[in-house]
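Okay, structure first, notes after.
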Amino acid sequence: MGERIYNFNAGPAALPLPVLEEIQSELLDFKGSGMSIMEVSHRSKWFDDVINEAIERTKRLLGLGDDFDVLFIQGGASLQFCMIPMNLSLKDRPVDYINTGTWSAKAIKEADIQGKDVHVIASSEDRNFAYIPKEYQVSKDASYLHFTSNNTIKGTQWAQFPGAGDIPLVCDMSSDIMSRPFDAKPFGLIYAGAQKNIGPSGTAMVIIRKDMLERTPDNLPSMLKYTTFSGKNSMYNTPSCIVIYTINLVLKWLEETVGGLEKMQQINGEKGSLIYDFIDQSDFYKGTADKDSRSLMNVTFRLPSEDLEKKFVAEGLKEGLGGLKGHRSVGGCRASIYNASGLDAVKALIDFMGDFEKKEG
Ligand SMILES: *Cc1c(COP(=O)(O)O)cnc(C)c1O
């Protein structure tokens, strides 16, 4: 077997090694079933236990009460861009959005397509999304306020979530869910494509406050209604069994090995300090995000030239550091250091960055 690399991919992204090993160990015979989890019926007790455990773990980790439902919906975060305005916009009332980059813009586009009264109440587009806006006025009668907690491509993150009074918050947490604890009370809906921080691609986790379910109009196709998924424990049709199974193992790792979200936040904070302190003391590497808006999940930076950036990415891979190329829309370099990337990965990256600077700087 070849050696595993330090994986800095943005998504699909690194999974915790103990999770992969657990999958391997029970792949041929899942809990005495004589089958893999990919082969058992989703109507079996085996899978029922898996999905219920994943839901319970989500609720425990995030401190969610019984007023929230946890759903698993295929179509990734991108389908949620469309389902949210479809299900949650109220008649003759606007939907508020904050635009902090590519993914926010895609969410806005889907609400626009549906002819919703979209109010973009703040944007950081004027400086290429290098910061999180501080000033915004929520529409008094907004159906909800949508924002993106972590901007995977631009490398920015909300340190403190926006406040909207009684207006429910709706948040795309694809790239930082489970990276830190937070108060879920102001949220009407939270969603996350699984492939960044909690599992493989193929499913979005959707956390919805139950009163929001009353907003779903009757005349939507069944598969586009949140009520369909909540009424059938996300099994109206065949769910993505292997993805939900892996999510459950990642959440188990978070609870039992890491020790919960406070601990995870502390580790992520240490990782972030290490890498950003290193970038700040260097004249060779330049962070692209404003200091007060930096992401602890996606570290975006530039080198003095595009040629050096190319060389950096290629040599990194040779040294066993994968995925350091920035998103194709922005260029530069990006190290995604989600929960599964430990301090060891960040230290290896800093060592490599130091060596590369000495050689090329
Ligand atoms: C990756 C990503 C998406 C898109 O997710 P899909 O599951 O591919 O649809 C949306 N929002 C954010 C913040 C992301 O990082």
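Tell me, which helices (runs of 4 or more DSSP H) wholly within region 205-308 include 3 or more residues that are surrounded by fewer than 18 Cβ atoms within 10 Å (Cβ to Cβ) and outside the structural domain of LEU79 (by TED's automatic domain parsing)?
Numbers: elements: 226-231, 241-252, 261-281.
Because the criterion is at least 3 residues that are surrounded by fewer than 18 Cβ atoms within 10 Å (Cβ to Cβ) and outside the structural domain of LEU79 (by TED's automatic domain parsing), the helices (runs of 4 or more DSSP H) in region 205-308 that meet it are 261-281.
Against the definition (surrounded by fewer than 20 Cβ atoms within 10 Å (Cβ to Cβ) and under 18 Å from the mean Cα position of the chain (by Cα)), how does ALA54 come out, yes or no?
Values: surrounded by fewer than 20 Cβ atoms within 10 Å (Cβ to Cβ): no; under 18 Å from the mean Cα position of the chain (by Cα): yes.
So ALA54 does not fit the description; no.
Checking the structure you have, find out if any residue of region 130-139 is more than 11 Å from the ligand (Cβ to nearest atom), part of a strand (DSSP E or B) and acidic (Asp, Glu).
no
Has region 85-105 got at least one residue that is in the same structural domain as GLN137 (by TED's automatic domain parsing), surrounded by fewer than 16 Cβ atoms within 10 Å (Cβ to Cβ) and within 16 Å of the ligand (Cβ to nearest atom)?
Within region 85-105 (the criterion being in the same structural domain as GLN137 (by TED's automatic domain parsing), surrounded by fewer than 16 Cβ atoms within 10 Å (Cβ to Cβ) and within 16 Å of the ligand (Cβ to nearest atom)), the answer is no, since none of the residues qualifies.
Looking at ILE153 and the list (1) out of contact with any Pro (no Cβ under 9 Å at 6 or more places or on another chain); (2) assigned to a helix (DSSP H, G or I); (3) within 11 Å of the ligand (Cβ to nearest atom), which single condition is not satisfied?
(2)
In region 62-83, what residues are farther than 17 Å from ALA184 by Cβ and of a type in the set (Val, Ile, Thr)?
Result: ILE73, single match.
Please enumerate the residues belonging to region 183-233 that are over 20 Å from ASP67 (Cα atoms) and of a type in the set (S, T, N, Q).
Scanning region 183-233 gives GLN195, ASN197, SER201, THR203, ASN219, SER222.
Against the condition within 16 Å of the ligand (Cβ to nearest atom), within 19 Å of VAL258 (Cβ to Cβ) and not small (Gly, Ala, Ser), how does LEU61 come out, does it pass? Break it down into steps so the answer makes sense when it comes.
Numbers: within 16 Å of the ligand (Cβ to nearest atom): no; within 19 Å of VAL258 (Cβ to Cβ): yes; not small (Gly, Ala, Ser): yes.
Here the answer is no, as LEU61 does not meet what is asked.
Mind checking which residues of region 163-179 are assigned to a loop (DSSP other than H, G, I, E, B) and either within 16 Å of the ligand (Cβ to nearest atom) or under 15 Å from the mean Cα position of the chain (by Cα) (or both)?
As a first pass, look at region 163-179 and keep what is assigned to a loop (DSSP other than H, G, I, E, B): 163-168, 173-179.
Hits for region 163-179 are MET173, SER174, SER175, ASP176, ILE177, MET178, SER179.
The values are calculated or read from the model by the stated rules, or taken from the named source; none is laboratory data. As the structure is a computational prediction, the values presented were derived from the model and not from experiment. Cβ sites come from the backbone with ideal geometry, for glycine too, and all protein chains shown count toward neighbours.
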